[in-house]
Structures are given as C-alpha cells and as structure tokens.
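To start, the structure under review is shown below, and the notes come after it.
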Amino acid sequence: MANDVPEHEPYSSKLEVPEALTFDDVLLRPKESRVEPDDADLTTQVSTNVEVSVPILSAAMDTVTESDMAVAMARHGGLGVLHRNMTIDEMVEEIGRVKSADELIIPFDSVVTADPEMSVREVDDQMAREGVGGAPVVNTNGEVLGIISSTDIRPHLEVNEDDPVTEAMTDEVITASEDIDPRAAFDLMYEHKIERVPVVDDENLLVGLVTMQGILQRREYEEAVRDEDGRLRCGVAVSPFEADRAEAADEAGADILFIDTAHAHNKNVIEGAREIASTVQADVVVGNVGTREAAAELVDFADGIKVGIGPGSICTTRVVSGAGMPQITAVAQVADVANEHDVPVIADGGIRYSGDAIKAIAAGADAVMLGSYFAGTDEAPGRVVTMNGKKYKQYRGMGSVGAMKSGDSDRYLKEEPEDDEYVPEGVEAATPYKGSLQSELHQLAGGMQSGMGYVGAGTISAFKERSEFVRVSSAGQAESHAHDVVITDEAPNYSPDSD
Ligand code: XMP
C-alpha cells in the first residue's frame, strides 16, 4: 500500500479535483490607468542578487542558448541561460565568451602585444592575423615601452619594414590605471585622439587594454545587464548531481547556476541543490517545480525558483508520464510561498505570445523563460534550413531522444540506457526562422508593457499587486484571436497557429 494514501479515503474522493488553469483560460482585467505602455518599467529580480532590465530569460536548451544568445540577451536587458549538453571545459569557455564580450578592460592574457625585438613587418603580420589595429609593446617583464598603431601613420615615420618595432612605436604612451571607468576612458582617448589605452599597475606593468571600439560598443547597449565589474551577466544550467560542473561554472564567473531538472520536488535533487548552494558564490535557482509544497522545500536555500511541469512547446512530459500542472496555477501556487520569503519566481515554458508572458507575471512570477520563441533567431545555435520554400531552424526538447543522446538524461532523473532505449519526454522539431533576437525581444517586451498599461501599473511589483484575472470561455478564446478574416500581412508578434 502506498504510504501516502490513507486507507480510509475512498478512491472516488480523488475525483473531487481542483481546477488548474493555464494561459488561455484567463485574461487580464482592464483597469483605470495612468500608465502609458512605453513608460512601464520592466526591471525585475531574477534571483536574490541579479536584477535584469527586461524580465525575460532564454531557455537552457541546446537549440536555444549558447554564448551568442547569452551575449545578445544580456546586451538587450535580459538573461541567457547556457545549456548543459556540453563538457565542463566547453561550458567554462562559453561562460568566458559571455563574460568577456563587452569587457571595458581587455585582460592581459587576451591583449595582443608586441615584443621590442620584433620587426615592423612581424608586428604588422601579427596584428593583421589577430584582427587588431594596434598593440602595446612590452618587454619580457610586462613593462609597457610603447604602443604601435596600424599602418596608416607609418609613411610619415620614415621607417621600413625591417626596422625594429621600437623605431615605429609611440614611446610617450598614455596609460590608465585599473580603476578607470568608461566615462574617464572615453574622455582620455578623446582628448589625446587615440583609440587604445594600455592599463598598467603601479609599476607600469601591463594589466590590460581599453579600446574606443569597446567603449562605443558598450554605449550601444544602455539596457545591458552587467555584473559589478561591468561584464555581461549570464546563467548556466547544471545538474544537481554534478558538483564539479557547478564549481567550475562558479569559478568561471557565471552569475546564476540553474539547477536544471524536470522535477525538483525530489529528495535527491533537493539535497544536491542545497549542497551546491552552500558551496558556490553564484546565485542558485532551483527548478522545475509546480506546486506550493515543492516551493516550501526550496525557499530556505534557493535564490530563485523556476516553475514549469510540462507546459513547454516541445514537451511531452504530461502525455508520457500523465503528470503536470497547468502553468498559471503552477506559477500562482509557487509564488504564494516564494513571495512570502522574497524568493523570485521564474515561469518557464508554454509562452507563445507576449500576452502569455505578462499573464505569468500577473500570476506571481517575477520573470519568464522562453525556448520556442527564441529558437528561430539568428543567435540560437544551428543553421537555417529551407523546407517547401520556408526557412526554419531546428528546435528540440532536452528530453527528446536526440538531445538525451548527445548529453545527459539526468534532467529527467533517468539512468543512461545501455541499449539506447530512451523514454523521451520531448520531441525534435523545427521552428520558423525569425531573424534577429533584438526584434523578437522588442516585440515581447513591448507587448508586456502594453499589458501593464491596460492594468495601470508602472512597475513589475505594482503590476503583480494590481493585476486581476477574468476567466475566459472557449468562445472568449476564439474571440481573442483574429477571426472571420484572412490575414493578408503577417504581424511581427502574432501568428494564429502561434509559431
Ligand atoms: P517553450 O514552450 O518556451 O518551453 O518552448 C521551453 C521550456 O521547456 C522545458 N523543456 C522540456 N520539457 N521535455 C519537457 O518536458 C523536454 O524535452 C523539454 N525540453 C525543454 C524547459 O523547461 C524549457 O525552458
């Protein structure tokens, strides 16, 4: 006899079931508003120590988030979560790519330098190979002796290619100290009409380089989500059973570790997650869960809780296992507990439209995570394929046979089968090609701001308080979509079959 079913309960009482709702079952009730959508502030907390400018995360899936996606997400105000179908070394490299993408000071190891013994030709060749337009000239101690720039000023210096680089370099070098900020660096370069400034320590030893190109790039992304050192933030998925991966991700500078399982309300998962949380510096978000009881087990150590048992577009968990929780109810249940403890909640999966995303926030989430919405963008891994004249990109569940074969099946708490007889909980699919992430994010965030405008809330926390739902009938759902017309020009944020 199962020990959690009391003997005296008749089975028929199980049929007195509570109702659980999802996105299409509800709409936001419009309210008197003094908030213009463009003024609605989407800033939110994803985890205890990480704030983002837009409440949007890209899913930790091998057809959605690698470093290109994570860089783009952070530059545009959200957060990318790197998937875990890669080796630990690959993961460390990917985290490094994100963290160094918009760095103000290029660290010493990555700076292209010239040796004073080299000839002008050798340095030119090296700079061309490395794709840089100038290089500090440093001796073997790392002391900065000068700086050599690209060939355009060379004709005025009357040096030839076989001369030592010291003949062609500028030896009165403008340098900066390690605590330089972007404004001061810009002013310094502007004043001296230079494009790069070596950063040196007290003994004039090179520690890095600031470039004008880097500064201008950073200025382009005003909304970017950065850590205290000005580097882009990123998350990374880890298993609760792989402490060494978690440690490596933490050391590589990941801002949030996402304990990535399909069912986190599991004793072994919670123990593993708790252990990891107690050893790493990074925030630890735990998921996925879908009930208040699960949330209660996590709030004392998690920096965030991720919600979603089976809502994903490529997910077959509910039909394969018979288990799941419609997403609006799942989010609300978890948020009831998590909000009491100031633990942020992330709604993960099932979001097809911007309206779904803002409904998830109304139900109590602080941020949303999406897979299919971003899988068709340029920044997602994989190439564009053409079928019947239409462009697509691959999108597959992490519980699909293909993804499990090329990674780890422990997200689904399964052993690796010896005979390749996987029991998948996801499918492999294709999703329409969508172009740049920036325009997708713009539509998503803009639609969420519209929702805030209809409710009259200028911030995410005000919106969570003020928003109310109405229940929608199936006739109401049909009325919500474009109907009785043939769409002639596709809108950038709407497709009736919600691709
Ligand atoms: P969307 O709907 O945005 O969902 O495409 C993305 C989320 O789905 C989850 N996920 C899966 N769930 N089987 C599942 O049951 C799978 O194979 C699978 N792969 C991803 C995951 O939480 C993701 O963020």
If you take the residues of the stretch 116-131 that are of a type in the set (D, E, K, R) and surrounded by fewer than 17 Cβ atoms within 10 Å (Cβ to Cβ), which of them is farthest from the chain's Cα centre (by Cα)? Glu117
Among the residues of the stretch 328-336, is any more than 12 Å from the ligand (Cβ to nearest atom) and within 21 Å of Glu66 (Cα to Cα)? no
Does any residue of the stretch 420-439 turn out to be modelled with pLDDT of 95 or more, among the acidic types (Asp, Glu) and farther than 16 Å from Glu379 by Cα? no
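For the stretch 117-231, which strands (runs of 3 or more DSSP E) that fit wholly inside it have 1 or more residues that are out of contact with any Cys (no Cβ under 9 Å at 6 or more places or on another chain) and under 27 Å from Gly78 (Cα atoms)?
On the way: elements: 134-138, 144-149, 196-200, 206-211.
So the answer is 206-211.
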Quick test of your reading of the structure: Gly214 fulfils all but one of (1) among the small types (Gly, Ala, Ser); (2) at pLDDT below 90; (3) on the phi > 0 side of the Ramachandran plot. Name the failing condition by number. (3)
If I filter the stretch 456-466 for residues that are within 15 Å of the ligand (Cβ to nearest atom) and surrounded by 16 or more Cβ atoms within 10 Å (Cβ to Cβ), do I get at least one hit? no
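When only residues in the stretch 461-481 that are assigned to a loop (DSSP other than H, G, I, E, B) and out of contact with any strand residue (DSSP E or B) (no Cβ under 8 Å at 6 or more places or on another chain) count, which is farthest from Val26 (Cα to Cα)?
Filtering first and then ranking leaves His481.
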One residue is enough: does the stretch 303-319 have a residue meeting the conditions surrounded by 24 or more Cβ atoms within 10 Å (Cβ to Cβ), touching a residue at least 24 places away in the same chain (Cβ under 8 Å) and away from the ligand (no atom under 11 Å from the Cβ)? yes
Among Gly364, Gly355, which is the only one that is touching a residue at least 60 places away in the same chain (Cβ under 8 Å), more than 16 Å from the ligand (Cβ to nearest atom) and not hydrophobic (A, V, I, L, M, F, W, C)? Gly364
Is there a residue in the stretch 417-428 that is aliphatic (A, V, I, L, M), surrounded by fewer than 19 Cβ atoms within 10 Å (Cβ to Cβ) and either part of a loop (DSSP other than H, G, I, E, B) or in contact with a Lys or Arg (Cβ under 7 Å, 6 or more places away or on another chain) (or both)? yes
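Counting only residues that are at pLDDT 95 or above and within 19 Å of the chain's Cα centre (by Cα), which one in the stretch 272-289 is nearest to the ligand (Cβ to nearest atom)? If you could, list the steps in order and put the result at the bottom.
In the first step, residues of the stretch 272-289 are kept if they are at pLDDT 95 or above; the result is 272-286, 288-289.
Then keep just the ones that are within 19 Å of the chain's Cα centre (by Cα); that gives 281-286, 288.
On the way: Gln281: 25, Ala282: 19, Asp283: 18, Val284: 17, Val285: 12, Val286: 13, Asn288: 6 Å.
Among those residues, the one meeting the criterion is Asn288.
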Scanning the stretch 1-60 for residues that are touching a residue at least 12 places away in the same chain (Cβ under 8 Å) and of a type in the set (Ser, Thr, Tyr), the one nearest to Glu440 (Cα to Cα) turns out to be Ser58
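So which residues in the stretch 369-383 are part of a strand (DSSP E or B) and more than 9 Å from the ligand (Cβ to nearest atom)? Lay out the reasoning, then the answer.
At the first step, the residues of the stretch 369-383 found to be part of a strand (DSSP E or B) are 369-370, 377.
Selection gives Thr377 alone.
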When Gly397 is evaluated against the numbered criteria (1) in contact (Cβ under 8 Å) with a residue 12 or more places away in the chain; (2) more than 10 Å from the ligand (Cβ to nearest atom); (3) more than 30 Å from Asn49 (Cβ to Cβ); (4) surrounded by 15 or more Cβ atoms within 10 Å (Cβ to Cβ), which criterion, by number, is the only one it fails? (2)
Within the set of pairs 6 or more residues apart or between chains, which connect a residue that is closer than 20 Å to Ile328 by Cα inside the stretch 469-488 to a residue that is surrounded by 11 or more Cβ atoms within 10 Å (Cβ to Cβ) and of a type in the set (Lys, Arg) with Cβ atoms less than 6 Å apart? Val470/Arg29
Taking the stated definitions as given, is Asp38 farther than 20 Å from Arg226 by Cβ and in the same structural domain as Ile314 (by TED's automatic domain parsing)? yes
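Could you please find all residues in the stretch 337-352 being within 9 Å of the ligand (Cβ to nearest atom) and not basic (Lys, Arg)?
Going through the stretch 337-352, the residues within 9 Å of the ligand (Cβ to nearest atom) turn out to be 348-352.
Passing the criteria: Asp348, Gly349, Gly350, Ile351.
The values are calculated or read from the model by the stated rules, or taken from the named source; none is laboratory data. Keep in mind it's a predicted model, so treat the numbers as computed, not measured. Positions of Cβ are generated from backbone atoms using ideal geometry, with glycine treated the same way; all protein chains shown enter the neighbour counts.
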